[in-house]
Amino acid sequence: MSDLVGDARAWPPDAQEAVRLLAVSALVEGRDRAEVAALFKVSVRAVDNWWAKWQAGGRGALLSRARGRRVGEHQVLSEAEQAVVRQAVLDHIPSDLGLSGQLWTRGQIGELIFKLCRVRFTEPGVGKYLKRWGLTFQRPDKRAVEQDPEAARLWHEETWPAIRARAKAENAEVLFGDQVGIRSDQVTGRTWGAKGTTPIVRRSGNRFSVNAMSAISTRGRMHFMVFTESFDAKVMCRFLARLVGHFDRKIHLIVDRHSAHRSKTVRAWLAGHKDQIELHFLPSYSPELNPDELVNADLKRSLPHTHRARNQTELAAETRRFSHRRQRQPHIVRGYFGGPHVRYVLDENPLSF
């Protein structure tokens, strides 16, 4: 017949801990084990177990611990297998590894685990591992497949630092420039609507567009030009002429490799103004390195919040209003340089310019 007179396992953890500590305290004071068991309504065997734990590990051995498995305990995948799968997800897209698609889902990661480790997981099971690995579901950045990683590395480590050093030595201004097209039929951003019913935005059936060229500096300066003709070398020269007219010192203008930027016409114009302005080119297919791209994105987001332009003249006027507003908001212009991919302009030499 069992000597169990009470089941402490059914008590709350804090009550169990208190009883263990009080029982051992009573034993230390010299009370008999059977007396202590009767006092706290537990078995003599339980009292003996507590006494043994106290002798082996002291008070800490009697404290309550969180129930269930410890983090990482009894994982189906070994630590080495988990490391391999995690790195594969970070370094590759699914199609690189014989799976379908460009983006990872929990289902595809489950297929990868089966392919590498021959173990099947449900999607919630995969999700637990992803959480443990510190991975979250995110919107990815886009990169052109034509982009040369080595050219981007050289820009960060050699080209940009050299431009920055020259500009500082010449007491010159550094600007990042870009051009953008705005169409009357583009709809950006989001709006509220009834669930299950797509909201409708009324717009003119006539299609028209305008173009803009802008240049910004880390000082918060912004210069722009709005035009209706196609962007070409003549337009670029007109913008350069307007730009140098605003400065009494040399300009280092950084732009992408658009054919107009590198045309014979522009090179000839620059040769005649080499003491006023110099052009530098970002690596090919690398718009994320240009903070002025964030101006373009801001412009396209902002225009739909104003009234919808009914003709090209109104669209050009709205574009100018946006640009004039940003000129009066240098803190916002400086904020464009805080983007994750363009912060290098500030981080490498935050006191320059």
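The values are calculated or read from the model by the stated rules, or taken from the named source; none is laboratory data. Note that the coordinates shown come from a computational prediction; the quantities given were computed from them, not determined experimentally. Here Cβ is always computed from backbone atoms with ideal geometry, including for glycine, and neighbour counts include all displayed protein chains. When the accessible area is computed, the model is the full protein with side chains, heavy atoms only, and any ligands, DNA or RNA have been set aside. Shrake-Rupley method; radii C 1.70, N 1.55, O 1.52, S 1.80 Å.
Here the spin labels are modelled as points 7 Å beyond Cα on the Cα-Cβ line, and at residue 49 and residue 317 they lie 8.5 nm apart. Computed from phi, the 3J(HN,Hα) profile of the stretch 310-322 under the Karplus parametrisation 6.51, -1.76, 1.60 (θ = phi - 60°) reads 9, 7, 5, 5, 5, 5, 5, 5, 5, 5, 5, 4, 4 Hz, with x in place of Gly and Pro. Among 319, 136, the sequence by solvent-accessible area, most first, with a 1.4 Å probe is 136, 319.
In loop segments of the stretch 270-327 as defined by DSSP, there are no chymotrypsin sites (Phe, Trp or Tyr not before Pro) with at most 14 further C-beta atoms inside 10 Å of their C-beta. Applying 1/(1 + (r/R0)^6) with R0 = 51 Å to the Cβ-Cβ distance of residue 230 and residue 61 gives a FRET efficiency near 0.05. Counting every pair of alpha carbons in the stretch 246-291, the share spaced more than 13 Å apart comes to 60 percent. Could you calculate the FRET efficiency of residue 151 with residue 79 from 1/(1 + (r/R0)^6), where r is the beta carbon distance between them and R0 is 51 Å, rounded to 0.05? Computed FRET efficiency for residue 151 and residue 79: 0.85. Legend: residues 234, 300, sorted from most to least accessible area (1.4 Å probe; ligands, DNA and RNA excluded), read 234, 300. Across 160, 54, the residue with the most accessible area heads the list, and the full order at a 1.4 Å probe is 54, 160.
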